[in-house]
Amino acid sequence: MFYRRRRVCRVCEGKAVLDYKHPEDLKQYMNRVGKILPKRATHLCAKHQRQLAREINRARKLALLPYTAEK
């Protein structure tokens with residue numbers, strides 16, 4: 001019988017920091033078009049996925065991250 005290995009949140013482990021002041025770190029959680037990746041792709045828990053969205057939106061409002069990709 002096979003058991004699915006439990007994914008552990010990167011932020012809970014302490015390997016990642018979510019902060020709007022570090023847009024280069026937040027870019028890895030966005031696709032080429034500029035959309036935020038879903039929880040199943042980012043491997044974050046629900047709490048940190050919400051925090052990620054909040055920090056990306058803060059960075060967008062301060063023009064540190066684009067809303068959409070440049071054409």
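Data overview
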item	result
Total residues in region 26-53, condition open to solvent by 80 Å² or more (accessible area, probe 1.4 Å) and either touching a residue at least 40 places away in the same chain (Cβ under 8 Å) or under 21 Å from Ala63 (Cβ atoms) (or both)	5
Of the criteria (1) at positive phi; (2) open to solvent by less than 40 Å² (accessible area, probe 1.4 Å); (3) small (Gly, Ala, Ser), which one Ala63 fails	(2)
Filtered residue count, region 1-17, keeping only those that are at pLDDT 85 or above and either closer than 20 Å to Gln49 by Cα or small (Gly, Ala, Ser) (or both)	10
Residues within region 1-25 that are of a type in the set (A, V, I, L, M, F, W, C) and either over 23 Å from Leu65 (Cα atoms) or open to solvent by 70 Å² or more (accessible area, probe 1.4 Å) (or both), tallied	6
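The values are calculated or read from the model by the stated rules, or taken from the named source; none is laboratory data. Worth saying up front: this structure is predicted, and the values here are computed from it rather than measured. Note: ideal-geometry Cβ built from the backbone for every residue, glycine included; neighbour counts use all protein chains shown. Protein only, heavy atoms only, side chains kept; ligands, DNA and RNA dropped before computing areas. Shrake-Rupley method; radii C 1.70, N 1.55, O 1.52, S 1.80 Å.
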